[in-house]
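*Asks:* Before I ask anything, let me first share the structure, which is written out below as structure tokens.
Computed from the coordinates by the stated procedures, all read-outs in this text should not be read as laboratory data. Keep in mind it's a predicted model, so treat the numbers as computed, not measured. In this analysis, Cβ positions are derived from the backbone assuming ideal geometry, glycine residues included, and neighbour counts consider all displayed protein chains.
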Amino acid sequence: MTLFPPNNERRRVESNNNRSKSCHVSTLTALPLFLLALAIISGASIYISLSLLNKNASVLQHAEHSMLRPPHHNHHPTNKRRDDPIIRTAPYPRAITIHGAKLQHHHQSSSDKKLKSIQPKTPKTRSSYDYRDPLYEDDCIPMQPWQETSFPTCSTIHELDFYSKSRSREFAYLTSGGYNDIFTLEDIHEVDPKLAIKILAEGTTYTDRNYDRVRRDGLILERSTKSRYVMDIYGFCGFLVLVPHAGEGNLPKAIRRQTDMTSLQKLQYAYEVSAGLAAVHDIDGEKMSAVTQGDLKADQYLFMDGVLKIGDFNRGRFLRRNLTAPDTACTYTIGVNDAAYRSPEEYKYLPETSAIDVWAVGSLIYHILHRYEVWDDIKTNEEAQQLVMDGKLPKIADEYVESDDPAIKAMLDAIDMCYVYDPEKRAKAWEVSSFLEKKLDEIKHAKGVE
């Protein structure tokens, strides 16, 4: 005999069963709708994210997809202070930018781009920004193996937290040079030194040529740290080099301010200028330069702890060994040679060697001695350049020509060592430095000066 529950109880059970079935059906119906809504929301989020990235992300990409344009400074005055720089990052692992940059894309195969990048320059392309200087060319090979290396310290650079420090004024714009914008940065700890950040100027495109420019700068600084007359380096990454902040000013500033500079002080400066270059030229201790600075002028020298230090090599070149004559270096050319302190071969766009820097040292010593630059009495640089090409030399003031001061005589002799028209007969940087050091020691000893 089967027992059934009472009618009212039976109705309650049936009602519960129906409700359960209804909920099950509702759940099955709602699930696709929920998934559809989730997909729509996710799609909208992705779209918004991509839109924001397209709007705000930096245009940095791998250098192979870029074509170099010269930097423009029309909207970036040299002395305009920018306390709140825009910080941007990019996917390229060795790239960091403090301001925006633009790239031009061109569609050519990787093999075409590689071949183009190693083509030697010609008179028609000497000023082109599409070409980088090859290390291997005909009978020329790298002077030293280290010239092909690179030691970026990107992790250290990225730990510096530019954005937060810019808001607290611990990171600020300082000035601009020919290639770089310079920023100052307070380090994490109070005992740490104040830092300077050199980064290729706003508007510089991200190409292999420019990455190589900073690579050379970083390598030369790193390998020259043994000399107290060359700026130290803390690291580099992409377009950025991290160095100590030289808060004592540069050589031109010292020359302008020290109106009562003694001849001995001038000789000291002349020696330090030549010693910095000698350390770089003799970077491997072989008395054969593997490096040329290429842009040696007074504002490249900065004071730290009262000592002049050379600190910029963005226009520098790695010299190559000539396989047919291993004790000699292959020559090179630089596209645009400005100002009036350079050598005759530079203005004639003849083959160049490290001897161009020695001529520039002569111009620097002249500047230190006279307290004004070479060819100061000539109206235009073009006129001065023509005089240099014609074999003329800047006039030495009569007061120095007739002077019996041993320090003055030493500087005049050093200028004569540098101002030799034939680069092969011009003195080496270490010879000028050694000569000035010897004269400086003799005069100090005679005067009882430490």
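*Asks:* Quick check: Cα centre of the range 325-344 to Cα centre of the range 141-204, how many Å?
*Replies:* 29 Å
*Asks:* Let me ask something else. Given labels modelled 7 Å from the Cα in the Cβ direction, how far is it in nm from Q386 to I141?
*Replies:* Between Q386 and I141, the label points sit 4.6 nm apart.
*Asks:* Next up: Where does each of S166, S434, S289, S274 land when they are ranked from fewest to most other beta-carbon atoms within 10 angstrom?
*Replies:* Details: S166 21, S434 16, S289 25, S274 29.
If I rank by nearby Cβ atoms, fewest first, I get S434, S166, S289, S274.
*Asks:* Can you put T331, T324, T204 in order of Cβ neighbours within 10 angstrom, beginning with the fewest?
*Replies:* T324, T331, T204
*Asks:* Would you order S433, S403 from fewest to most other beta-carbon atoms within 10 Å of each residue's own beta-carbon?
*Replies:* With the sparsest Cβ surroundings first, the list reads S403, S433.
*Asks:* Oh, and also: Take the Cα of L350, step 7 Å along the line toward its Cβ, and report every residue of the range 411-428 whose backbone nitrogen sits under 19 Å from that point.
*Replies:* 416-428, by backbone N distance to the label point.
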